[in-house]
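Trainee: Attaching a single structure in structure tokens format; questions to follow.
The values are calculated or read from the model by the stated rules, or taken from the named source; none is laboratory data. Model, not experiment: these values are computed from the prediction. Cβ atoms come from the backbone with ideal geometry, glycine included; neighbour counts cover every protein chain shown.
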Amino acid sequence: MWSLWVTAAALVGPVVGLGARIECDAVDGDVYSFSHRYLNGTDFSFDQYQGKVSLAGVSSCLQVGLNALAETYAGTDLVILGFPCNQFNLQEPSSTETEILQGIKHVRPGGGFVPQFDLLEKVEVNGNNQNDIWKWMTTNCGFTQDRIEGGIEYDSLNVHDVRWNFEKFLFGRDGKLFVRYSHLQTPEGISDDIDYLLAQ
Ligand SMILES: *[C@@H]1O[C@H](CO)[C@@H](O)[C@H](O)[C@H]1NC(C)=O
């Protein structure tokens with residue numbers, strides 16, 4: 001797995017951070033064939049964001065950084081999507097829109113926090129009930145570190161698994177997977193890649 005880190009660092013194009021950024025394989029298909037539901041229950045399809053640049057992340061307690069990105073890129077073609085997940089140390093126990101929004105506002109991160117990006121219905125990103133979008137993203141983008149942080153709440157470990165909350169995937173305007181970021185990559189550190197894709 002160390003060779004993966006070295007390879008990622010050596011790839012041409014924008015390189016952000018150290019060891020936290022993995023370029024995705026070129027694969028058939030794109031994210032536009034996937035659908036889900038927004039946290040409020042309304043149908044969601046990636047297809048509605050054709051031609052945009054999208055960033056999808058596991059959202060339990062990652063909201064502060066994503067809000068910073070949402071503010072920086074307000075009015076651009078960047079779409080930011082957060083998927084609540086309770087598979088890492090049970091950090092997102094709520095399921096309903098009201099409970100999740102209340103938890104974000106008062107507990108994690110708290111302080112009256114209101115997300116400036118779209119939240120989707122809660123998913124399982126790893127394991128036997130892995131969401132289809134996450135299965136496609138993870139299997140086509142290597143993995144970000146050799147170990148899983150701990151406190152995992154699922155069966156059926158896979159080498160491609162999401163390692164922790166905050167892990168994110170970035171897509172180009174063509175809906176193709178571009179880069180996978182570990183939880184160690186700050187959202188602010190992703191800006192070089194976003195700028196690169198927005199300029200395409
Ligand atoms: C549900 O949430 C989405 C994304 O935040 C929003 O675009 C949509 O208008 C909402 N639908 C309703 C019925 O509130």
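Trainee: Given the structure, is G82 within 16 Å of the ligand (Cβ to nearest atom) and either closer than 21 Å to N140 by Cα or not in a strand (DSSP E or B) (or both)?
Mentor: Yes; evaluated as a whole, the condition is true for this residue.
Trainee: Do you know which residues across the stretch 107-124 are more than 13 Å from the ligand (Cβ to nearest atom) and at pLDDT 90 or above?
Mentor: Within the stretch 107-124, K122, V123, E124 meet the criteria.
Trainee: Any chance the stretch 91-99 includes a residue that's out of contact with any helix residue (DSSP H, G or I) (no Cβ under 9 Å at 6 or more places or on another chain), within 13 Å of the ligand (Cβ to nearest atom), free of Cβ contacts under 8 Å to residues at least 12 places away in the same chain and among the hydroxyl-bearing types (S, T, Y)?
Mentor: yes
Trainee: Any residue in the stretch 41-58 that's near the ligand (Cβ under 9 Å from one of its atoms): show its pairings with residues that are of a type in the set (S, T, Y) and not in a loop (DSSP other than H, G, I, E, B) at Cβ separation under 6 Å, as long as the two are six or more apart or on different chains.
Mentor: Note: pairs meeting the criteria are F44/Y38.
Trainee: Here's something else I'd like to know. For the stretch 150-200, how many residues are assigned to a loop (DSSP other than H, G, I, E, B), out of contact with any Lys or Arg (no Cβ under 8 Å at 6 or more places or on another chain) and not charged (D, E, K, R)?
Mentor: So the answer is 17.
Trainee: Select from the stretch 123-156 the residues that are over 17 Å from C24 (Cβ atoms) and either in contact with a helix residue (DSSP H, G or I) (Cβ under 7 Å, 6 or more places away or on another chain) or free of Cβ contacts under 8 Å to residues at least 40 places away in the same chain (or both) and list them in ascending order.
Mentor: Residues satisfying the conditions are V123, E124, N126, N128, N129, Q130, R147, I148, D155, S156.
Let's see how each residue does on (1) modelled with pLDDT of 85 or more; (2) within 14 Å of Y38 (Cα to Cα):
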site: S59; (1), (2): no, yes
site: G65; (1), (2): no, no
site: E71; (1), (2): yes, no
site: T76; (1), (2): yes, no
site: Q91; (1), (2): no, no
site: E97; (1), (2): yes, yes
site: K105; (1), (2): yes, no
